Every structure is written in C-alpha cells, then in structure tokens.
Amino acid sequence: MRQFTQQISVKAHGRKLYDITPLVLSWANALGLNTGLLTLYIQHTSASLLINENYDSDVLVDMEAFFNRLVPDGDRLFIHTAEGADDMPAHVRSALTQTSLSIPIVEGKVALGQWQGIFLFEHRHAAMTRRVLLHALGE
C-alpha cells in the first residue's frame, strides 16, 4: 500500500457551491494508483464538501435556494452572531452537510458517477480561502 497527501486551497468569493472536481482529479489520477480510496477533508466549520450533479447548473442554484429556506440568515433562534447574521447559519449548514468525503479509486480512476462532481460548499457571504486535505491510499 502507498499513501499520498496534498492540501489544496480554494478561493471562495461568497456563498455558493464551487466545483473542485478538476483540482481533485488532476492530483488523484496522477498518483498511479490502480485500486484505493481517496478521502477529502475540509478544515473549516462554516464550509463543507458535497458530491452532487455537475451537469446542470440549476441543481446548484436549487441547492442554495433550499439551504436559504432551511437555514435563513438572521434567524432569531441563533444567539451566536459574532461574525454577522450568516455566522451561525453557516455552522448549521456545515453540520447538515459533510466535512469529509470518501471515493473509491478503481482501475486507476477516481470512481465518480457520470454526472457527479465534487463541490466545496461555502456557507459565508464574505470571501474566504478554504483548505481541503486530500489523502489517497492504495496500490
């Protein structure tokens, strides 16, 4: 078994889903692993990772609309507002989604489905630079 790690930085310019599939695949596919597991982990509490459709961009718009309705900014329920009205909603959005992903590597390729992409889901309105750790294990 061999192991590889890499950190990628993603410049997020406000709340939305950012397609990081090309960054992840270019790194993982160059490792020369035939079989293994790719793990991604985001080191933040107000952003998350998702695998979702990357064919129709309306899916991303609809995801954001759903989360805006589910966890609205400025909800009086929240007392943690140290960094603004989107502070606690960002933490809730992160808790409802994922901080890590695991994707098999099969026959030398990351085994995403035909219409699947890997997204960083930024939950804050301000511009942020987010760190995602990549770890691949295999042979």
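Here residue 74 fits the description: surrounded by fewer than 18 Cβ atoms within 10 Å (Cβ to Cβ) and either over 23 Å from residue 10 (Cα atoms) or in contact (Cβ under 8 Å) with a residue 60 or more places away in the chain (or both).
For the stretch 38-93, taking the residues that are in a helix (DSSP H, G or I) and basic (Lys, Arg), the one that is farthest from the chain's Cα centre (by Cα) is identified as 69. May I ask you to say which residue of 100, 94 is in contact (Cβ under 8 Å) with a residue 12 or more places away in the chain, within 18 Å of residue 40 (Cα to Cα) and touching a Phe, Trp or Tyr at 6+ places or on another chain (Cβ under 6 Å)? Answer to the check: 100. Among the conditions (1) over 20 Å from residue 112 (Cα atoms); (2) outside any helix (DSSP H, G or I); (3) in contact with a helix residue (DSSP H, G or I) (Cβ under 6 Å, 6 or more places away or on another chain); (4) not basic (Lys, Arg), residue 17 misses just one, which is (1). Just the residues that are surrounded by fewer than 19 Cβ atoms within 10 Å (Cβ to Cβ), in contact with a Gly (Cβ under 9 Å, 6 or more places away or on another chain) and either under 20 Å from residue 6 (Cβ atoms) or charged (D, E, K, R) (or both), please, taken from the stretch 107-127. 108 - this is the single residue of the stretch 107-127 that is surrounded by fewer than 19 Cβ atoms within 10 Å (Cβ to Cβ), in contact with a Gly (Cβ under 9 Å, 6 or more places away or on another chain) and either under 20 Å from residue 6 (Cβ atoms) or charged (D, E, K, R) (or both).
Read the figures in this text as sums done on the coordinates, not as results from a lab. Bear in mind that the values here come from a model prediction, so they are computed numbers and not experimental data. In this analysis, Cβ positions are derived from the backbone assuming ideal geometry, glycine residues included, and neighbour counts consider all displayed protein chains.
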